[in-house]
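Just so it is clear, none of the values below were taken in a lab; they were calculated from the coordinates. Bear in mind that the values here come from a model prediction, so they are computed numbers and not experimental data. Reconstructed Cβ throughout: ideal geometry from the backbone, glycine too, with neighbour counts over all protein chains shown.
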Amino acid sequence: MDEAINLSFRYTKSDIERAMRSHYASRMRPRLDIVMAVGLALAGAYLLRLPDSHWSGAFAVSASAALVCMLLAAFVILPPLAFRLEPKYRDDYSLIFSPEGISFRTAQINSQLQWSLYSSALVDAYSYILYYGSRRFSIIPKRVFQSPEQQRAFERMIGQHIPKIITKK
């Protein structure tokens with residue numbers, strides 16, 4: 001039988017910012033979006049110079065600007081804002097992961113969660129992002145593990161209980 005994994009921690013600003021950026025990068029296609037924004041801007045600049053394509057050029061430049069604004073919001077503005085505006089990220093967390101489920105405790109929460117709540121996970125260099133629902137997730141920073149063995153045991157446990165795990169390099 002697998003042993004329970006006890007984690008106690010408080011999020012740092014960088015924990016939340018990195019996880020949010022990783023989440024957005026997994027849901028969006030930032031490289032493609034940047035290429036599209038540059039392509040639209042160049043096409044728009046070219047079309048603005050042509051007398052019969054002024055409106056098409058203005059539309060392309062506007063679409064490029066909107067895409068850049070979305071990328072800036074997702075990767076620059078929202079991650080630090082999430083930490084600042086969400087009080088739960090400043091609580092002390094005590095989590096116990098076991099084959100039966102997850103005990104989740106903070107100053108405001110004391111609950112027992114079933115593994116079936118989580119539908120997927122995203123693993124990046126800094127954290128485990130466990131998804132429940134389409135856009136809601138729990139963040140487990142990698143820095144909170146007491147040893148590499150404990151972290152490997154956690155990885156085995158999520159591998160047994162979460163159906164879809166994506167590892168991002």
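When the charge dipole of region 21-85 is built from unit charges on Cβ atoms (+1 for Lys and Arg, -1 for Asp and Glu) and taken about the Cα centre, the candidate among 37, 73, 48 whose Cα reaches farthest toward its positive end is 73.
Each residue, residue 48 and residue 107, gets one label point 7 Å from its Cα in the Cβ direction; the gap between the two is 5.1 nm.
The long axis of helix 30-49 is offset from the longest Cα principal axis of the chain by roughly 10 degrees. For region 21-85, the Cα gyration tensor yields ellipsoid semi-axes of 30, 12, 6 Å (square root of five times each eigenvalue, largest first, whole Å).
Charge tally around residue 106: other residues with Cβ under 14 Å, Lys/Arg +1 each, Asp/Glu -1 each, net +1.
Need one number: the % of Cα-Cα pairs in region 1-123 sitting beyond the 21 Å mark. Walk me through the numbers on the way to the answer.
Details: 4488 of 7503 pairs.
Considering region 1-123, 60 percent of its Cα-Cα pairs are separated by more than 21 Å.
Listed by chain and number, the lysines whose alpha-carbon sits under 24 Å from that of residue 164, ignoring those within fewer than 8 places in the same chain, are 142.
Would you please put 91-100, 117-126 in order of how densely packed they are, using the mean number of other Cβ atoms within 10 angstrom per residue and starting with the highest?
Working: 91-100: 15.8, 117-126: 17.4.
Result, highest mean Cβ count within 10 Å first: 117-126, 91-100.
Relative intensity of region 53-112 on a log10 scale, I(q)/I(0) at q = 0.12, 0.18, 0.23 Å⁻¹, equals -0.56, -0.77, -0.91, per a Debye sum over C-alpha point scatterers of equal strength in the absence of solvent. Think of each Lys and Arg Cβ as +1 and each Asp and Glu Cβ as -1; about the Cα centre, that makes the dipole of the chain roughly 280 debye. Multiplying the residue separation of residue 72 and residue 94 by 0.36 nm and removing their Cα-Cα distance gives an extension gain of 4.6 nm. The C-alpha atoms of the chain define a longest principal axis, and helix 54-72 lies at about 20 degrees to it.
With the highest mean first, a sort of the peptides 78-85, 162-169 on other beta-carbon atoms found within 10 angstrom per residue produces 78-85, 162-169.
Per residue, the convex hull spanned by the alpha carbons of region 1-57 comes to 119 Å³.
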